[in-house]
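What follows is one structure encoded as structure tokens, with my remarks underneath.
The values are calculated or read from the model by the stated rules, or taken from the named source; none is laboratory data. Remember, it's a predicted structure, so these values are computed and weren't measured experimentally. Cβ atoms come from the backbone with ideal geometry, glycine included; neighbour counts cover every protein chain shown. We work out accessible area using only protein heavy atoms, side chains counted, and drop any ligands, DNA or RNA first. Shrake-Rupley method; radii C 1.70, N 1.55, O 1.52, S 1.80 Å.
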Amino acid sequence: NWSSTGTYSFETDYPISTYDIEIALDSTATEEQAEAFNGAQIVGSATSNTIKAYGNVPTVDIPVIIKVVTK
């Protein structure tokens, strides 16, 4: 559910005021999913638990590992 600006937010479940998150591609990803993840050029934000795709916004579901750390 990427926004039209190429962002995806985890803020509803993991607000930045309480949590830090880390995201990585899961080893179960198919070659197509890995290519979509890499082609998206995904970066995180230091001020919110959102990610932004600077490349091609993914059109496939991508399995990721999310590490949630309580502040």
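Farthest towards the positive end of the charge dipole of the chain, among the residues P63, T47, F37, is the Cα of T47, using unit charges on the Cβ of Lys, Arg, Asp and Glu. Could you tell me how many degrees, from 0 to 90 and to the nearest 10, lie between the Cα long axis of helix 31-40 and the main elongation axis, the longest principal axis, of the Cα atoms of the chain? Once rounded, one gets 60 degrees.
With a Förster radius of 30 Å applied to the beta-carbon distance between V60 and Y19, the computed FRET efficiency rounds to 0.70. Residues in region 54-63 carry Karplus couplings, in order, of 7, x, 6, 5, x, 10, 10, 5, 10, x Hz; the curve used is 6.51 cos²θ - 1.76 cosθ + 1.60 with θ = phi - 60°, and Gly or Pro positions show x.
Leaving ligands, DNA and RNA out of it, report the carbon-plus-sulfur percent of the accessible area of the chain at a 1.4 Å probe. Answer for the chain: carbon and sulfur cover 48 percent of the accessible area. Its DSSP H runs of at least 4 residues, each contributing -39,500 (n - 2.57), put the calculated 222 nm mean residue ellipticity of the chain at -4000 deg cm²/dmol, to the nearest 500. Considering only A29, A53, A40, the mean-square fluctuation computed in a Gaussian network model of the chain, springs between alpha carbons under 10 angstrom, is largest for A29. Taking the square roots of five times each eigenvalue of the Cα gyration tensor of the chain, the equivalent ellipsoid has semi-axes of 21, 14, 9 Å, listed largest first. Scanning residues 5 or more positions from T50 or on other chains, those with amide H under 5 Å from its amide H are F10, S45, with H placed 1.01 Å from N in the peptide plane. Each Lys and Arg Cβ is given +1 and each Asp and Glu Cβ -1; about its Cα centre, the chain then shows a dipole of about 300 debye.
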